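**Student:** Structure provided below as structure tokens; questions to follow.
Every number here is computed from the coordinates shown, using simple stated rules; none is lab data. Just so you know, these numbers come straight off a predicted model, no measurement behind them. In this analysis, Cβ positions are derived from the backbone assuming ideal geometry, glycine residues included, and neighbour counts consider all displayed protein chains.
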Amino acid sequence: MLFFDNSFARLDSNFYTHNVTTSLHSPSWIIKNHALASDLAISLNDDPEKKLLHAFSGGQPLPGSQPLAMVYAGHQFGQYVSQLGDGRGVLLGELKTSASQWDLHLKGAGLTPYSRGGDGRAVLRSSLREYIASEALAALDVPGTRALCVTSGTDTVWRETLEPAAMLVRVAKSHVRFGSFEFFHYSGQHERVKELADYCIEKYYPEITVEKPCQRYISFFKSVIERTAILIAKWQAVGFAHGVMNTDNMSIVGDTFDFGPYGFMDRYDEAYVCNHSDHQGRYAFNAQPGIGLWNLNALGHALSSLIETADLQAALAEYEPKLINRYSALMLSKLGLVEQQPDDALLINSLLSLMQANDADYTLTFRGLAHIDTTIDTNIERSALIEHFTDQAGLQAWLGTYRTRLQNNNLSKAQRQQHMNGVNPLYIARNHLAQEAIECAENGDYTELHNLMQLLAAPYTEQPNQEKYAAAAPAWSHALQISCSS
Ligand code: AMP
Ligand code: MG
């Protein structure tokens, strides 16, 4: 028996619309996340009457679940859209376990009052892409929503071509977005801005205990700023591009939220644009930290009935140093360096420039650096790094500086290698690997998908006979184009 709380449904009905789901025909499981299910005290295999399968494919809701579509607004590619909302998903309810509480959201669940011309559906391809990235990021210690399962049926929907429909159960601490606040602010419902802020503080930021209203909301805003800064520092360090950082895709708890045309970077390219539809490169990889601030400004504006302008500005000023500090620490750690020294930023930046100039694989370069020692062992260095760089002189010059720096580092070679292999993954959700797994799944073969998920769940641990998954992207993958259509 699952126990649902429906705290969001206890807010007044301006925050959502109760909504029935539209079930898939002849539903079946595509993939189940048993590890996450066990954290939620659910067994997806123990479903003799198919109640879970039906609930998670849009059929009869589980007892206690009150499905609702949340309303929100948002800045999409810089333009304010005054009403969005869950157009193809519903919040099934908040599942209570003995330790915590999680939102279960069914994505692809059919039309809602917020569908705006869309069909309310999600396709198998995009549902699996979300499943893959959610779980890959979780294993890399990047905050994000999780994926419990994907179901499909015999239904098809039209995108650029006819595609199988599917549903994903998203598990998250929260489904409140920056855009949720924007909706109430810009429609002049300031009492509801306050109500939503109080709801978020009580539920997601219980450590904020100050009662004085002005201080309370400043603390809330500062907490969101801090979590967002840490999130984006982590994206930059693992080489993750979100692709659609609209304010309706920004989580109030600092989770990676809404996976569309995201990309895990193969060849290092600071200006990488993973979303084929993003012609201006607004959400390019190196624009993400700045866009994070832009979005926090938009949130600040939406909270301006609660917080004075000077306080909003003071809080926003904390974003950049927080992000830079965390990013520097993460990059230092990727290089196996224990304590920061004055020239370290230069060391990191010159490596990134070298990778950029050589189209070097971001993930494999860091993984390969664990082999470097203060003394030169050409054989090891050859196998580990050389193939990624055409500019050998440039590489050797950088390695020279790195070796000197390693002499001034408080770890033995073995300790450093162990540390680096624990923070630099070998397996990431490369676009072409996801694509292959999805194409196989669309043809009813799930072996690739299961194999990929198993590797991504333990991304730092080298597995035998899995070289293909640890290799740089093949040339054909550079032409893969991912756009918003999902
Ligand atoms: P997204 O780009 O997925 O973040 O979605 C932006 C907005 O469009 C949200 O309000 C979604 O609910 C809505 N949306 C996206 N796809 C569909 C669809 N197929 N049917 C209805 N609404 C959709
Ligand atoms: Mg969205």
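**Student:** Evaluate Rg over Rh across segment 368-417, taking Cα atoms for both radii and Kirkwood's formula for Rh.
**Tutor:** 0.96
**Student:** Cα atoms only: what Rg and Dmax, in Å, come out for segment 253-393?
**Tutor:** 19.0, 64
**Student:** Taking the alpha-carbon set of segment 89-174, what are its Rg and Dmax in Å?
**Tutor:** 13.9, 45
**Student:** A follow-up question, please. I'd like the distance between the alpha-carbon centres of segment 177-212 and segment 85-122, rounded to an integer number of Å.
**Tutor:** 20
**Student:** Under a plain spin-label model, where a point goes 7 Å from the Cα along Cα-to-Cβ, how far apart in nm are Lys50 and Asp5?
**Tutor:** My value for the distance between the label points is 3.4 nm.
**Student:** Also: Count charges around Asp445 for me, please; just the other residues with Cβ under 14 Å from its Cβ, Lys/Arg as +1, Asp/Glu as -1.
**Tutor:** So the surrounding residues net to -4.
**Student:** Let me ask something else about it. Which three lengths, in whole Å and largest first, does the chain cover when its Cα atoms are put on their principal axes?
**Tutor:** For the chain, the Cα spread along each principal axis is 67, 57, 44 Å.
**Student:** Just grab the label-to-label distance for Asp12 and Lys96, each label 7 Å out from Cα along the Cβ direction, in nm (one decimal).
**Tutor:** With each label placed 7 Å out from Cα toward Cβ, I get 2.6 nm.
**Student:** Cβ neighbours within 10 Å, averaged per peptide: list 26-38, 215-227 in order, most packed at the top.
**Tutor:** Ranking, from highest mean packing down: 215-227, 26-38.
**Student:** Restricting to the chain, compute how many DSSP beta bridges are antiparallel as a %, nearest 5.
**Tutor:** 95
**Student:** Using per-residue counts of other Cβ atoms within 10 Å, averaged over each peptide, order 301-312, 407-418 from highest down.
**Tutor:** Ranking, from highest mean packing down: 301-312, 407-418.
**Student:** Under Stokes-Einstein, with the Kirkwood radius over Cα pairs standing in for Rh, what whole-number D in µm²/s applies to segment 178-329 at 37 °C and 0.692 mPa s?
**Tutor:** For these conditions, the coefficient is 206 µm²/s.
**Student:** Thinking of segment 70-223 as a set of Cα atoms, what percent of all their pairs are more than 28 Å apart?
**Tutor:** Looking at segment 70-223, the distances longer than 28 Å represent 29 percent of pairs.
**Student:** Check Tyr268: other-chain or 5+ apart residues with amide H under 5 Å from its amide H, H built from backbone geometry?
**Tutor:** Ala360, Asp361, Tyr362
**Student:** Calculate one ³J(HN,Hα) per residue across segment 21-38 by plugging θ = phi - 60° into the Karplus curve 6.51 cos²θ - 1.76 cosθ + 1.60, and present them in order as whole Hz with x for glycine and proline.
**Tutor:** The phi angles translate into 8, 10, 6, 7, 7, 6, x, 8, 6, 9, 8, 10, 9, 5, 5, 5, 4, 5 Hz.
**Student:** Something else: Ranked from highest to lowest mean number of other Cβ atoms within 10 Å per residue, what is the order of the peptides 333-341, 387-395?
**Tutor:** Ranked by mean Cβ neighbours within 10 Å, highest first: 333-341, 387-395.
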